[in-house]
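Everything below concerns the one structure shown next.
The values are calculated or read from the model by the stated rules, or taken from the named source; none is laboratory data. These numbers were taken from a predicted model, which means no experiment stands behind them. Note: ideal-geometry Cβ built from the backbone for every residue, glycine included; neighbour counts use all protein chains shown. All accessible areas refer to the heavy atoms of the entire protein, side chains included, with ligands and DNA or RNA removed. Shrake-Rupley method; radii C 1.70, N 1.55, O 1.52, S 1.80 Å.
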Amino acid sequence: MNQSRFPHLIDLDNYPVSCWNRITDLSIDIKRNPHIYIGACSGKIMGTLFYEPSTRTQMSFQAAMLRLGGGIIGFDNPANSSVSKGESIKDTTKIASGYSDIIVMRHPLEGSVKAAAMTSDCPVINAGDGGHLHPTQTLTDLLTLRAEKGTLSGLTVGFCGDLKNGRTVHSLLKALSCYKNNKFVLISTNELKVPTYIKDRLSASNKEYTEASSLEEAIPMLDVLYMTRIQRERFGSPEEYEKQKHVFRLDGKKMKLAKKDMIVMHPLPRVDEISAEVDDDPRALYFKQANYGMYVRMSLILSVLNEDIKTKPLFTGKIYPDVYCRNPKCITASEPSLPHVFRNHGGVLECEYCDERLLLE
């Protein structure tokens, strides 16, 4: 099983909090002194493999590399690539990594970016794998909180919307659970609650969290409100999506219930979960948050290419040839040649690609 020799960024869990802090430190310096970093990636090429639509993530990565003086190749529509002919992730990545110094990948299936990193000939950055993880958005969110609230500790953070499929929510909850005295309010419908493995992570970190079904009741206690879109693309049918899409909406009336210094964040895009009238409220920071994302990605590109991020094993578990992950959205369900790798937690197996759990029989 190939463990790779490159410093990939698949999951922030693979690196200590000190590493996250160094990346945000560098982001702040780049924002303050952009002239120092002009040409820092001259002669380097970034390959962007975007298997699903993206605006902010893709454009901010592209802008980051261009501002650093590097070049870009890749695709943003798999229909225009050999993927449409049935090419595997392994083959696509192998070819693209031969042309690139660094790859940024987004894919609708969970664990797909880790699968790509197994055989890549250059570092790979996870730009979102299904409803699983989105580490570069999390770094963006950490930078936003640090810059706007002055701390990453002692915050009461509310997450509202699709907490089941929201990879930004999962990544940020895991990250903020590593800082002291943070509390969480999880606001969703019963069908869109946070997955069990995230709740287990909060419990293991001794972090206080409560679940709520009303935004009006939760908002007065919050220092930060992290709104999310009800994601049409994550639902099995249009009917399921229609039942959920209008349940939570932030408007001027609800903002009057919030603290004067509460900030509103959103990974974007939004549909109708935040009223346009909220845009003029100085506490609404989602557009500023998106701008912070470019500086984080500049910092991350530099950190990876300069090997300031150290190589970590892609896998820590074992291969179980006859055990199959039961998550239909796991990359192993569509790429059967991948090794079936699981971490064993006392008879409970955890898929190394998507974190789905099953009992070992």
Between a residue in the range 91-105 that is surrounded by fewer than 14 Cβ atoms within 10 Å (Cβ to Cβ) and any residue that is modelled with pLDDT of 95 or more and not hydrophobic (A, V, I, L, M, F, W, C), which pairs come within a Cβ distance under 6 Å, given they are 6 or more apart or on different chains?
98/121
Count, please, the residues in the range 156-168 that happen to be open to solvent by 10 Å² or more (accessible area, probe 1.4 Å) and at pLDDT below 95.
4
Do we find that residue 96 is over 19 Å from residue 331 (Cβ atoms), among the small types (Gly, Ala, Ser) and in a helix (DSSP H, G or I) in this structure?
no
Criterion (in contact with a strand residue (DSSP E or B) (Cβ under 9 Å, 6 or more places away or on another chain) and either more than 30 Å from residue 355 (Cα to Cα) or among the hydroxyl-bearing types (Ser, Thr, Tyr) (or both)) met by exactly one of 65, 46
65
Please work out which one of (1) farther than 22 Å from residue 116 by Cα; (2) touching a residue at least 60 places away in the same chain (Cβ under 8 Å); (3) not basic (Lys, Arg) is the condition residue 313 fails and give its number.
(1)
Hey, does the range 139-154 have a residue that's farther than 19 Å from residue 98 by Cβ, in a helix (DSSP H, G or I), among the polar types (S, T, N, Q) and under 14 Å from the mean Cα position of the chain (by Cα)?
yes
Criterion (of a type outside the set (A, V, I, L, M, F, W, C), surrounded by 24 or more Cβ atoms within 10 Å (Cβ to Cβ) and in contact (Cβ under 8 Å) with a residue 24 or more places away in the chain) met by exactly one of 153, 171, 177
171
Leading residue by the ranking (farthest from residue 221 (Cα to Cα)) among those in the range 284-303 that are open to solvent by 40 Å² or more (accessible area, probe 1.4 Å) and without any contact (Cβ under 8 Å) to a residue 60 or more places away in the chain
291
When residues of the range 170-206 are limited to those that are in contact with a His (Cβ under 8 Å, 6 or more places away or on another chain) and in a loop (DSSP other than H, G, I, E, B), the one farthest from residue 156 (Cα to Cα)
195
Here the residues within the range 180-198 that are at pLDDT below 95 and either aromatic (Phe, Trp, Tyr) or within 17 Å of the chain's Cα centre (by Cα) (or both) are 194, 195, 197, 198
